[in-house]
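The structure appears right after this line, and notes come after that.
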Amino acid sequence: MASRPILVVAGVGTGAGTGGSAARLFSKAGYRVALIARNASSLQTFAASLNESGGDAHPFPISSYTHGSIHEAFTAIKQHWSGGSDKAEIRAALWNAGPGVFKPFLSITEEEVKDTVDTNVIGGFAFARESILSFKENGLDAKGKRGTLLFTGATASLRGNVLTSAFAAGKWGIRALSQSLAKEFGKENIHVAHAIIDGGILTGRAKDSRDPAWVENEDVRLNPDNIAEAYLYLVNQDRSAWTWELDLRPAHEKW
Ligand SMILES: NC(=O)c1ccc[n+]([C@@H]2O[C@H](COP(=O)([O-])OP(=O)(O)OC[C@H]3O[C@@H](n4cnc5c(N)ncnc54)[C@H](OP(=O)(O)O)[C@@H]3O)[C@@H](O)[C@H]2O)c1
């Protein structure tokens, strides 16, 4: 039975950031794309744009990144593609949601800490669980793997800083989770990889809010389309040479 793989992306926003770029690139590469985000109408618009370009994308909106809602989204994803003539398998999953609180430590409220940790860590755990359970249903593909689980990290995954106490706690948590999973599930031919995005990303939001000199200077910011290329490279790695972690930064980043 022919099988057209599914990529699940959580944290797509309006489609103008890393999640959107990954969805577009994987769609062009022949993946069905399951889109998870909180804003149903922008998600619907983004899915339609992928489908107009010949893709097979579908929105799975959730109200928040909880265990329950992520479980329901995965159930809906499997049901959505269950009736076709070919076998629909979730082969790649990207945890891209990553809200940040950028404030001095003593100004951060309990609510903000809870929101950051709930989405970054608890949500990431839930997404990883559903992805791994899905991959375990798959046989080995041509690269010798059952599936690839990717996490989008940040500079704060490695280094705390003066305004990042809450954000760094969440990002370090996700990095630690990804390394633990890479070790636990490698022996089941499930590839887990983490990407440290060490610099500012040219998202739709950044285009509207940042200094035009930064927006126009390709040396100082990351293009999300190029991050997506790195994600496709990770997914296509053969089991004899897997990356757990890579870091990506623009040429002039002062790291
Ligand atoms: N932007 C940067 O300069 C930068 C730099 C380094 C690393 N990163 C990381 O890159 C990843 C992708 O981000 P992106 O900037 O390219 O934008 P993006 O692809 O548009 O995705 C970011 C997602 O975070 C999600 N999110 C979940 N809960 C949130 C909350 N309470 N508040 C705000 N957002 C929330 C949003 O989810 P919904 O889809 O549900 O709205 C949003 O789509 C994130 O993990 C981020 O930490 C970003």
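Residues in the stretch 183-210 that are near the ligand (Cβ under 10 Å from one of its atoms), surrounded by fewer than 18 Cβ atoms within 10 Å (Cβ to Cβ) and over 13 Å from Thr18 (Cα atoms): Arg210 only. Of the residues Thr75, Thr14, the single one that is out of contact with any strand residue (DSSP E or B) (no Cβ under 6 Å at 6 or more places or on another chain), more than 16 Å from the ligand (Cβ to nearest atom) and of a type outside the set (Gly, Ala, Ser) is Thr75.
Scanning the stretch 187-210 for residues that are within 19 Å of the chain's Cα centre (by Cα) and in a helix (DSSP H, G or I) yields Gly204, Arg205, Ala206. Only one of the listed residues (Ala230, Ala169, Ala213) is open to solvent by less than 20 Å² (accessible area, probe 1.4 Å) and either assigned to a helix (DSSP H, G or I) or touching a residue at least 24 places away in the same chain (Cβ under 8 Å) (or both). That residue is Ala230. Scanning the stretch 122-148 for residues that are hydroxyl-bearing (Ser, Thr, Tyr) and within 10 Å of Asn189 (Cα to Cα) yields a total of 1.
The values are calculated or read from the model by the stated rules, or taken from the named source; none is laboratory data. Computed from a prediction, not measured in an experiment: that's the story for all the values here. Cβ: placed from backbone, ideal geometry, glycine included. Neighbour counts: every protein chain shown. The protein model used for the area step is the full one, side chains on, heavy atoms only, and it has no ligands, DNA or RNA in it. Shrake-Rupley method; radii C 1.70, N 1.55, O 1.52, S 1.80 Å.
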